[in-house]
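The values are calculated or read from the model by the stated rules, or taken from the named source; none is laboratory data. All values derive from a computational prediction rather than experimental measurement. Cβ: placed from backbone, ideal geometry, glycine included. Neighbour counts: every protein chain shown. Remember, those area values only see protein heavy atoms, side chains included, never the ligands or the DNA or RNA. Shrake-Rupley method; radii C 1.70, N 1.55, O 1.52, S 1.80 Å.
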Amino acid sequence: MCGILAVLGCSDDSQAKRVRVLELSRRLKHRGPDWSGLYQCGDFYLSHQRLAIIDPASGDQPLFNEDQAIVVTVNGEIYNHEELRKRLPNHKFRTGSDCDVIAHLYEEYGENFVDMLDGMFSFVLLDTRDNSFIVARDAIGITPLYIGWGLDGSVWISSELKGLNDDCEHFECFPPGHLYSSKSGGLRRWYNPPWFCEAIPSTPYDPLVLRRAFEKAVIKRLMTDVPFGVLLSGGLDSSLVAAVTARHLAGTKAARQWGTQLHSFCVGLENSPDLKAAREVADYLGTVHHEFYFTVQDGIDAIEDVIYHIETYDVTTIRASTPMFLMARKIKALGVKMVISGEGSDEIFGGYLYFHKAPNKEELHRETCRKIKALHQYDCLRANKATSAWGLEARVPFLDKDFINVAMAIDPEWKMIKPGQGHIEKWVLRKAFDDEEHPYLPKHILYRQKEQFSDGVGYSWIDGLKAHAAQHVTDKMMQNAEHIFPHNTPTTKEAYYYRMIFERFFPQNSARLSVPGGASVACSTAKAVEWDAAWSNNLDPSGRAALGVHLSDYDQQAALANAGVVPPKIIDTLPRMLEVSASGVAIHR
């Protein structure tokens, strides 16, 4: 991932303004530590912090067309750039960067080319011939992007809040799948897939069609000129990503450059569910596996850094971001710059445990649509910013546009959870990869119950966070919460604790409005809370809040306590952030 910052039409072309733009751009340097670039045309500034993944030698930005009249600063990856180059035979490309096609596509097609891009991206394009500009963000919002407005009439664009929050009068999240045009002065949605209107689809389930669509999504993400690996929690989604990658890596350009031995990475508290399952999957697939242990105290010590980088006070996002943040630092230290991850599957297939209570296929489908549309505020934000904090790029094949179209066209009756028929959550995905002759995964992994990442790294992680927050937030503070934080008022001490930290870093009203709120149980939307009356008294984003569904839910823990079974102590004494990996094995270079 890279970091982009643009200041457009600020009525100030002074050296002091240029220095200020450079200063703000440096706040994004963690996203792109490999090179920095700034282009100025009068009072228009386009800056870039580069993480070099494709064509590291010559792909520095901003990028230009042949006569340098069109200037682009981009964060992302365009997986079909070679195909697009073939459609532009009369154009001369200056670099081998995948993003080099954007300026040339604009020359050929004007503002209507964005849907031709297959990838994850955020970009600002300036046409210096008339000083018009466009801004666009990828379909789902895998890459983060914010837009702001200055009192001087300027428009600001930044990959992260910290690039513009101090200099804009108002700012907000740039919506996924949208384009901003200075000519029209407004936003319009360029991404209009069939599922977006939430009409109920009726395509029969075909497991082979679904399998092939996902394999294509993974294969196209093997485009890299740097060392890479896979994040492997041992759950269904990351295990399938690893299995497909391992199966198709041989013969790719990446394999010729870096070898056919796939590296996998996992993080957790010692003896956590994820570590055990991931180790088994890694052994089965033959990956070079790296385990990173952290303690509850390690995580607590990192919370302030996490909130600064993730830029949210959402409880479930912070819980899950912290282990990922710690792991990303270790991965980058090994020389790896890109990882493939499993985000998005639960939203598409109804994989969260609360989907057990979906009353019918219509409600299930509408909830999956709502979840996908909100991904940019939750899992996409976490996966991108937790890794980009250390200059590591995360790619997410489940959020491939073509794959989403295939998966969301399936009659949602097939996605309904029916224990009596053996249909657990995400059954359609599991069945698609249940190959008896050439198995992708061991059966018990393929049919392992869903664990949210913040639970799977070790149940005492969440319990430890709650205990820590309780030591720093008093009952009296909670009584005044609605007056101190009238917007998205925190209802738990943990939420209050995160909110205090967030407001210290980002005190502007626009910042607090950029974070979503509302009731949730086990990561549900507020609408889905209505599915079960008991949930309204148990609002917690942990999967264990899905009472009667999760094998270690809170009710079962309470029953153990009532029976005199003493839970383990929260604060452990493990050595801090240990790494365990295959001895003597290095990343291929």
Approximate spin-label separation Thr474-Glu83, in nm, with each point projected 7 Å along Cα-to-Cβ: 6.2 nm
Among rounded, prolate and oblate, which fits region 45-133 when a ≥ b ≥ c are the square roots of the eigenvalues of its C-alpha gyration tensor, a/c under 1.5 means rounded, and a/b larger than b/c means prolate? rounded
Label selected from [x] 25.8; [y] 24.6; [z] 27.4, the criterion being Kirkwood radius over Cα pairs in Å as computed here: [y]
Full extension from Arg212 to Ser14: what is 0.36 nm times the residue separation minus their Cα-Cα distance, to one decimal in nm? 65.8 nm
Dividing the mean separation of Cα pairs under 8 Å (6+ apart) by the residue count of region 347-414 yields a relative contact order in percent of 41 percent
FRET efficiency (Ala526, Met116; Cβ distance; R0 41 Å; to 0.05) is 0.70
C-alpha long axis of helix 315-333 to longest principal axis of the chain, angle in °: 70 degrees
Interatomic Cα distance distribution for region 178-224, bins of 10 angstrom, percent: 19, 24, 34, 20, 4
If you average the C-alpha positions of region 180-249 and of region 318-348 separately, how far apart do those two centres end up, in angstrom? 17 Å
Using only the alpha carbon atoms of region 1-154, find the Kirkwood hydrodynamic radius as the inverse mean reciprocal pair distance, in angstroms to one decimal. 15.6 Å
For a quick protection proxy, order the peptides 463-469, 45-51, 437-443, 484-490 by their average other-Cβ count within 10 Å, most packed first. 45-51, 463-469, 484-490, 437-443
Antiparallel versus total DSSP beta bridges in the chain: what percent is that, nearest 5? 80 percent
Packing-based order for 180-188, 168-176, using average beta carbon neighbours within 10 Å, highest first: 168-176, 180-188
What's the local net charge at Phe64, with K and R +1, D and E -1, over the other residues with C-beta under 12 Å away? -4
Quick check on the chain: helices-only [θ] at 222 nm, where DSSP H runs of length 4 and up contribute -39,500 (n - 2.57) each and the sum goes over total residues. Nearest 500, please. -10000 deg cm²/dmol
Solvent-accessible area, 1.4 Å probe, carbon plus sulfur percent, for region 38-86: 46 percent
Heavy-atom accessible area of region 355-503 with neighbours in place, 1.4 angstrom probe: carbon+sulfur share in percent works out to 52 percent
Computed over the chain, protein heavy atoms only, probe 1.4 angstrom, the accessible area per residue in square angstrom equals 37 Å²
Cubic angstrom per residue, convex hull over Cα atoms of region 291-336: 77 Å³
Please list 3J(HN,Hα) in residue order for region 488-496, calculated via the Karplus relation 6.51 cos²θ - 1.76 cosθ + 1.60 where θ = phi - 60°; whole Hz, with x for glycine and proline. 6, 4, x, 9, 10, 5, 4, 5, 5
Would you mind classifying region 137-243 by shape? Square roots of the alpha carbon gyration tensor eigenvalues, ordered a ≥ b ≥ c; an a/c under 1.5 is rounded, otherwise it is prolate if a/b is larger than b/c and oblate if not. oblate
With the cut-off at 1.5 for a/c, could you classify region 340-422 from its C-alpha gyration tensor as rounded, prolate or oblate? prolate
Could you give the dipole magnitude of region 280-407 about its Cα centre, charging the beta-carbon of Lys and Arg +1 and that of Asp and Glu -1, in debye to the nearest 20? 280 debye
Give me the percent relative contact order of the chain, please, defined on Cα pairs under 8 angstrom at least 6 residues apart. 15 percent
Under the definition of Cα pairs under 8 Å and six or more residues apart, what whole-number percent is the relative contact order of region 231-278? 53 percent
Here region 302-371 gives, from Cα atoms, an Rg and Dmax in Å of 16.1, 48
Where does each of 519-525, 497-503, 126-132 land if you order them by average Cβ count within 10 Å, highest first? 519-525, 497-503, 126-132
Give the separation of the Cα centroids, region 83-119 to region 22-71, in Å. 18 Å
